1. Out of everything in the range 22-46 that is outside any helix (DSSP H, G or I) and open to solvent by less than 50 Å² (accessible area, probe 1.4 Å), what residue ends up being farthest from Gln63 (Cα to Cα)?
2. Cβ-Cβ under 7 Å, sequence separation 6+ or interchain: first residue in the range 30-48 and in contact (Cβ under 8 Å) with a residue 40 or more places away in the chain, partner open to solvent by 50 Å² or more (accessible area, probe 1.4 Å). Which pairs?
3. Can you go through Ala44, Ala35 and tell me which one is over 17 Å from Ala72 (Cβ atoms) and at pLDDT 90 or above?
4. Out of the residues in the range 47-73 that are among the hydrophobic types (A, V, I, L, M, F, W, C) and at pLDDT below 90, which is most open to solvent (accessible area, probe 1.4 Å)?
5. List every residue pair whose Cβ atoms lie under 8 Å apart, where the two residues are 6 or more positions apart in sequence or sit on different chains, the first residue falls within the range 91-117 and is closer than 17 Å to Lys64 by Cα and open to solvent by 50 Å² or more (accessible area, probe 1.4 Å), and the second residue, located anywhere, is assigned to a loop (DSSP other than H, G, I, E, B) and basic (Lys, Arg).
6. Only one residue in Lys53, Lys64 is over 24 Å from Leu104 (Cα atoms) and outside any helix (DSSP H, G or I). Which one?
7. Which of the residues that make up the range 74-84 are out of contact with any helix residue (DSSP H, G or I) (no Cβ under 9 Å at 6 or more places or on another chain) and either outside any helix (DSSP H, G or I) or open to solvent by 80 Å² or more (accessible area, probe 1.4 Å) (or both)?
Amino acid sequence: MRGLWFICGWGAVGLGTAGVFLPLLPTVPFLLLAAFCFAKSSQAAHDWLIHHKTFGPPIRDWQKNGAIRKPAKILATFCIIMTFLISIMLGVYEWVMIIQGVVLSCVMIFIWTRPNE
């Protein structure tokens, strides 16, 4: 079972890394998932991820007090707004826009109600 957790952890790291470059793919949730998977499979991989220069700080912030840094909140807000605007420009069905608007609004509320650090 530990091997499966380990593979899932590396898969989550891969998706999180892709999220750095792809605006619609979130980074931190996948890194949090990777930290969870590594905690169940490999202390060395978990320590590597938690102490990673780039990936470690948002994970530690979340683990310490459920915080999301303000620059990450601003970037997430920008991406959410752009996603909604692209949907409008593509002429997505009205009912889809309503669902998307509700879901994205809930995400924004969640993000902005978390502590900054």
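1. The selected residue is Leu25.
2. Ser42/Phe6
3. Ala44
4. Here the residue is Trp62.
5. As it stands, the answer is Asn116/Arg69; Glu117/Arg69, since those pairs meet every condition given.
6. Lys53
7. Hits for the range 74-84 are Ile74, Leu75, Phe78.
The values are calculated or read from the model by the stated rules, or taken from the named source; none is laboratory data. The structure displayed is predicted, hence computed values, not measured ones. In this analysis, Cβ positions are derived from the backbone assuming ideal geometry, glycine residues included, and neighbour counts consider all displayed protein chains. In case anyone asks, the SASA skips ligands and DNA or RNA and just uses the protein heavy atoms, side chains included. Shrake-Rupley method; radii C 1.70, N 1.55, O 1.52, S 1.80 Å.
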